[in-house]
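Worksheet: one structure, shown below.
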Amino acid sequence: MKESNKKSKRVELLICSCSSKEHQIIIDNDEDEVYVSVHLVHRSFFKRLIYGIKYIFGYKCRYGNFEEFILDKSHIKQLERVIFNIKNNEKN
């Protein structure tokens, strides 16, 4: 039987300090790469339709479209693990 040298992948789930489940980041640390997935806010059909029509006609808000994610001390250990894994993969 062949031994696999593939390292295990780590997944970290960060939930915003405001405790909204809509504000979450999933960090997928896979070997030499890190993937960050940000949860997008769910909108009703009509809101998406209005956004789509505005997009088609080139409407842009001067402030941009933003959502926030609040990091606090509770996220430090998870972020340190991601950074540690990246550094270790760099050395190998």
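The values are calculated or read from the model by the stated rules, or taken from the named source; none is laboratory data. Quick caveat, the model's predicted, so the values are computed rather than measured. Here the Cβ positions follow ideal geometry from the backbone for every residue, glycine too, while neighbour counts run over all protein chains shown.
Annotations for the structure displayed:
- From the list K73, K87, the lone residue that is loosely packed, with under 10 Cβ neighbours inside 10 Å, within 19 Å of V11 (Cβ to Cβ) and at pLDDT 80 or above is K87.
- Across segment 18-39, the number of residues qualifying as closer than 30 Å to N89 by Cα and assigned to a loop (DSSP other than H, G, I, E, B) comes to 4.
- Filtering S8, S20 for residues that are modelled with pLDDT under 70 and polar (S, T, N, Q) leaves a single hit, S8.
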